[in-house]
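Q: Mind looking over this structure? Questions follow.
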Amino acid sequence: MRPGRGPVIAPYGSVMATFLFKTEPGEYSFADLVRDKVTVWTGIANAAALAHLRTARRGDDVLIYHTGDERAIVGLAKIVKAAYEDPARPGKTPKGEPKNAVVDLKAVREATTPVTLAAIKADPRFSALPLVTQGRLSVMPVATEHADVLRKMTGLD
């Protein structure tokens, strides 16, 4: 829940999720997303990351994390099209889900205070955050209690 504001309710009464997506800023940065306004988020190959991406729904929030030298949450985006088959790599899983899932993202706003991985690791509230526990994962869910604190820390609330 968002303190003082209640949960964010998506269409049909479901609570919207928050994800963290990693990107190498030299390849595609949050500034690129702001410039492009909307992009297809491609290139996810890790099975666990793809499983998380397949659960993404329209309206879910995405914290954008720059890898490399920066290692920080730098912005907020919103999923504008739920997971679908990558047109460049079509195919379905045995469950009928997109094998190589992609989503469409829209830039929302830049973090006023980027939050570094070092700051996150130093804060005991984040000991169970997948960014800390599964550092190589490029797409991960963010629990509501973590998302709320990260939004405050970054100025994205």
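Q: Taking amide H positions as placed 1.01 Å from N in the peptide plane, with prolines and chain starts having none, which residues 5 or more places from V142, or on another chain, fall under 5 Å of its amide H?
A: Here T18, F19, L20 satisfy the definition.
Q: With +1 assigned to the C-beta of every Lys and Arg and -1 to the C-beta of every Asp and Glu, and no other charges, what is the dipole magnitude of region 16-148 about the Cα centre in debye, to the nearest 20? Mind showing how you got there, number by number?
A: Numbers: 18 positive and 16 negative charges, 86 e Å.
Roughly 420 debye for region 16-148.
Q: Simple spin-label model, 7 Å along Cα-to-Cβ: T42 to A122 in nm?
A: 3.9
Q: Compute the label zone of R89 within region 35-55: residues whose backbone N is under 18 Å from the point 7 Å along Cα-to-Cβ.
A: Counting only backbone N, you get 40-55.
Q: Then there's this: Over the Cα atoms of region 16-148, compute the convex hull volume and normalise it per residue, giving Å³. Could the numbers behind the result be given before it?
A: Values: hull volume 14.1 nm³, N = 133.
So the per-residue hull volume is 106 Å³.
Q: What number, rounded to the nearest 500 deg cm²/dmol, is the helix-based mean residue ellipticity at 222 nm of the chain, given -39500 (n - 2.57) per DSSP H run of at least four residues and division by all its residues?
A: After summing the helix terms and dividing by residue count, I get -6000 deg cm²/dmol.
Q: Of the candidates F21, F126, F30, which one comes out as most mobile in a Gaussian network treatment of the chain with C-alpha springs shorter than 10 Å?
A: F126
Q: Mind telling me which of P98, P87, P25 comes out most flexible in a GNM of the chain, alpha-carbon contacts under 10 Å?
A: Highest fluctuation among the options: P87.
Q: Give me the percent of DSSP beta bridges within the chain that run antiparallel, rounded to the nearest 5. Let's see the in-between values first.
A: Working: 27 of 33 bridges.
Around 80 percent of the beta bridges assigned by DSSP in the chain are antiparallel ones.
Q: Cβ neighbours within 10 Å, averaged per peptide: list 130-138, 53-61 in order, most packed at the top. Walk me through the numbers on the way to the answer.
A: Values: 130-138: 15.0, 53-61: 18.8.
Order by mean packing, descending: 53-61, 130-138.
Any read-out appearing in this document is the output of simple, stated calculations on the displayed coordinates, not a laboratory observation. Computed from a predicted model, the values in this text were never measured in an experiment. Glycine also receives a Cβ, built like all others from the backbone with ideal geometry; neighbour counts cover every protein chain displayed.
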